[in-house]
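Novice: If you scroll down you'll find the structure; I have some questions about it.
The values are calculated or read from the model by the stated rules, or taken from the named source; none is laboratory data. These numbers were taken from a predicted model, which means no experiment stands behind them. Here the Cβ is made from the backbone with ideal geometry for all residues, glycine too, and neighbour counts use every protein chain on show.
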Amino acid sequence: MESMKRTPLFEKHVALGARIVPFAGFEMPVQYPGGIVQEHLAVRNAVGLFDVSHMGEFRIRGSDATAFLQRVTINDVSRLDPGRVQYTAMCYEDGGMIDDLLLYHLGDSYMMVVNAANAEKDLLWIRDHANGDVEIEDESEETILLAVQGPKALETLSTISATGLSDLAYYAWTQTKIAGVPVLVSRTGYTGEIGFELYIRGNADIGVKVWDAIVDAGKDFGIAPVGLGARDTLRLEMGFCLYGNDIDLTTNPLEAGLGWITKLEKGGFIGREAIVAARSAGLQKLLVGFVGEGKSVPRHGYGIFSGGVRIGHVTSGTFSPVLQQPIGMGYVHPDRARVGEKIFVDIRGKMVGATIVKPPFVKK
């Protein structure tokens, strides 16, 4: 892992005994000594603290920035007001997905937050497609990103925030100070819980100062550091897509169940014509959720069958710590995508029964 990057909080994770793994070009904590299940349940029942500083952040400015983003993303940027955040995605001309992302309207500019594994590719893409008065700056290296997630997240941060956060709307952001450090706080997250994401400009000392302050504030609530392992199981319980598993360049947003952020009526954007054509011709696959029988866990790439015929494949799977049963997502033929449909997953040569359900698996 000599060529891997490290977040400013790397030494903190090592000191906490985290198991470090390579992920998206970074050395990242996958779990801490308490284990993935303990971390997962801490977020569901109390509060968890994540270091997600590996994510990419791009600042986009200029008089043509709104028109540019309207053309390269699939949601309607004209509906994004200052102080708000938008979940959206970018597509290739053939409708395949480049990445899913968050877009922040900062008033005088925008901030695009992208998946770590796609950051370099995304940056090249938007720079290649920028025209007019558009300035793009990569702020990833200077940005520390922490996530505080769980039913006690608000109580934890309220004790150390310079301004109240209780009135901050879902998918909105504000500027405040946490432990005296300037922070952009947004009411967002990848867990389905009440939660916040904190964008901090600074070095490792500043990042550790904020991290330690959050840990101290959350001690009475049972706060736990959370690694990538529980981050994945938490997002899967909510049916949230993971790029590289559930969405990629071979899937369009309609197939992935992201029609709600695909604003075809807004006019031209990259990939629109291909998406419209695919819809008109009839989609050939749909992303579904399913709950498995027994204890065997479905994994990425496993075949999905019905009537002895392969009808699709698993994209994500785990054993739900909350439901105590296997859950997964995968693509199947639309004729077999009905809720309640019985399917079978080939798990190491054994056909294991499952039932298609509508995510989220854990209702919040």
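Novice: Restricting to the range 292-315, give me the number of residues that are out of contact with any helix residue (DSSP H, G or I) (no Cβ under 6 Å at 6 or more places or on another chain) and either part of a strand (DSSP E or B) or without any contact (Cβ under 8 Å) to a residue 24 or more places away in the chain (or both).
Specialist: Matching residues across the range 292-315 total 13.
Novice: Follow-up question, since we're still on this one. Those residues that are more than 26 Å from the chain's Cα centre (by Cα) and in contact (Cβ under 8 Å) with a residue 12 or more places away in the chain, I need them from the range 349-364; list them, please.
Specialist: Correct list: K350, M351, V352, G353.
Novice: Checking the structure you have, find out if any residue of the range 199-217 is farther than 25 Å from L236 by Cα, touching a Pro at 6+ places or on another chain (Cβ under 9 Å), of a type outside the set (V, I, T) and surrounded by 18 or more Cβ atoms within 10 Å (Cβ to Cβ).
Specialist: There is at least one residue in the range 199-217 that is farther than 25 Å from L236 by Cα, touching a Pro at 6+ places or on another chain (Cβ under 9 Å), of a type outside the set (V, I, T) and surrounded by 18 or more Cβ atoms within 10 Å (Cβ to Cβ).
Novice: Among the residues of the range 124-148, count how many are among the aliphatic types (A, V, I, L, M) and over 27 Å from I223 (Cα atoms).
Specialist: Within the range 124-148, residues that are among the aliphatic types (A, V, I, L, M) and over 27 Å from I223 (Cα atoms) number 5.
Novice: A65 versus (1) assigned by TED's automatic domain parsing to the domain that holds D212; (2) more than 21 Å from L145 (Cβ to Cβ): which is the lone unmet condition?
Specialist: (1)
Novice: Might you check whether a residue that is hydrophobic (A, V, I, L, M, F, W, C), touching an Asp or Glu at 6+ places or on another chain (Cβ under 6 Å) and in a helix (DSSP H, G or I) occurs anywhere in the range 234-245?
Specialist: The answer is no; no qualifying residue exists.
Novice: If you don't mind, another one. For the structure I just gave you, tell me whether T191 is among the β-branched types (V, I, T), exposed (fewer than 14 other Cβ atoms within 10 Å of the Cβ), in the same structural domain as E11 (by TED's automatic domain parsing) and under 19 Å from V85 (Cβ atoms).
Specialist: no
Novice: Would you be able to say whether some residue in the range 162-176 is at pLDDT below 95, not acidic (D, E) and not in a strand (DSSP E or B)?
Specialist: Yes; the residues of the range 162-176 include at least one that is at pLDDT below 95, not acidic (D, E) and not in a strand (DSSP E or B).
Novice: Looking at (1) acidic (D, E); (2) out of contact with any Gly (no Cβ under 7 Å at 6 or more places or on another chain); (3) assigned to a loop (DSSP other than H, G, I, E, B), find the lone condition where E155 falls short.
Specialist: Every condition holds for E155 apart from (3).
Novice: Within the range 316-364, can you find the residues that are crowded, with 17+ Cβ neighbours inside 10 Å, of a type in the set (D, E, K, R) and part of a loop (DSSP other than H, G, I, E, B)?
Specialist: Scanning the range 316-364 gives a single hit, E341.
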